[in-house]
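Notes follow once the structure below has been shown.
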Amino acid sequence: MRIGIDLGGTKIEGVVLGHDGSELQRKRVETRQSEGYRAILNTIVRLIGDLEAKVGEQCSIGIGTPGAISAVTGTMKNSNTTCMNGRPLLDDLKVLLDRPLRIANDANCFALSEALDGAGNGCAVVFGVIIGTGVGGGVVINGKLHQGHQHIGGEWGHNILEQDGPACYCGRKGCVETLISGPGLAADFHRHGGDRSLIASDIVSIAEQGNDLAEAAMQRFLERFGRAMAMVVNILDPDMIVLGGGLSNIDRLYTEGREQVARYTFNDEFITPILKNVHGDSSGVRGAAQLWCCNET
Ligand SMILES: [Zn+2]
């Protein structure tokens, strides 16, 4: 059996998947970042112990988390659980759990889950995209995650879309994430005179009700989505694009958004399906478990 752990800034969730991919157990605990790195390690070890006690066997373990393991130092970087950064999370857990372990970025886990038994099931090359508070992605080729030489494969959220665009936390300007994430859509609406108390989901609804300012923001959003996505399609040409994250609930992405991708892609007969995820919030934790194939351990 396989355990997947979704290690987030506020909660740590674990599942046990059976050999057929069915979910046998699930448990969620608080991360309690304030107690520090060692305490989080102990929480993870206890959670795994509890799950294994319930299923009665030792499982393989995969962990999905924001950020990445540095290909240079082997330590965590870019994690929003900031006490993880600079720490050898993988090596420390290997020692505590006395077995091999796999760790991947949470967007990569989303992509893997959707490619293996979600919306992208059966497709050779899947680009899984998260559009929510941030923008991330992952590439799965023939059922295997393509993490890349520097572990940044699929990180299209920090491609520069507009040279003079909004400042991004990464130090650049006009990254895809600053324009088509939830906060990015809201900030664009606010810059163009929209009500500052409205967030992305409000803007989507009032655009549907005929609000002109919101509709103009949606048009810019859909056009930017197309331009950003076409950069990836022109290089990777995936068989399927699967969307996740809060903004994947915007129906217009699958119609008008897709038309915009087609408009910017170097192909006058664009055929790539863009589908909504199947596993929803479970994609991350399922994908973490699936870092190990079902015939391993
Ligand atoms: Zn950026």
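The values are calculated or read from the model by the stated rules, or taken from the named source; none is laboratory data. Predicted model only: the values in this text are computed from it and were never measured. A quick note on method: Cβ atoms are made from the backbone with ideal geometry, for glycine too, and the neighbour counts reach across all protein chains shown. Ligands, DNA and RNA are excluded from the accessible area calculation, which covers all protein heavy atoms including side chains. Shrake-Rupley method; radii C 1.70, N 1.55, O 1.52, S 1.80 Å.
Couple of notes before you dig in:
- Subset of the stretch 146-160 that is under 30 Å from residue 116 (Cβ atoms) and over 17 Å from the mean Cα position of the chain (by Cα) - its residue that is farthest from the ligand (Cβ to nearest atom): 149
- Residues within the stretch 247-297 that are open to solvent by less than 50 Å² (accessible area, probe 1.4 Å), in contact with a helix residue (DSSP H, G or I) (Cβ under 7 Å, 6 or more places away or on another chain) and under 19 Å from residue 180 (Cα atoms), tallied: 10
- Those residues of the stretch 1-55 which are open to solvent by 40 Å² or more (accessible area, probe 1.4 Å), among the hydroxyl-bearing types (Ser, Thr, Tyr) and more than 22 Å from the chain's Cα centre (by Cα), in sequence order: 34
- Leading residue by the ranking (farthest from the ligand (Cβ to nearest atom)) among those in the stretch 127-145 that are open to solvent by 50 Å² or more (accessible area, probe 1.4 Å) and without any contact (Cβ under 8 Å) to a residue 40 or more places away in the chain: 142
- Selection status of residue 72, over 18 Å from the mean Cα position of the chain (by Cα) and either assigned to a helix (DSSP H, G or I) or modelled with pLDDT of 95 or more (or both): no
- For the stretch 161-176, taking the residues that are at pLDDT 95 or above and under 18 Å from the mean Cα position of the chain (by Cα), the one that is surrounded by the most Cβ atoms within 10 Å (Cβ to Cβ) is identified as 176.
- The residues of the stretch 203-224 that are touching a residue at least 12 places away in the same chain (Cβ under 8 Å), open to solvent by 10 Å² or more (accessible area, probe 1.4 Å) and away from the ligand (no atom under 16 Å from the Cβ), listed by number, are 204, 213, 216, 220, 223.
- Some residue of the stretch 179-199 being open to solvent by 40 Å² or more (accessible area, probe 1.4 Å), within 11 Å of the ligand (Cβ to nearest atom) and in contact with a Lys or Arg (Cβ under 7 Å, 6 or more places away or on another chain): no
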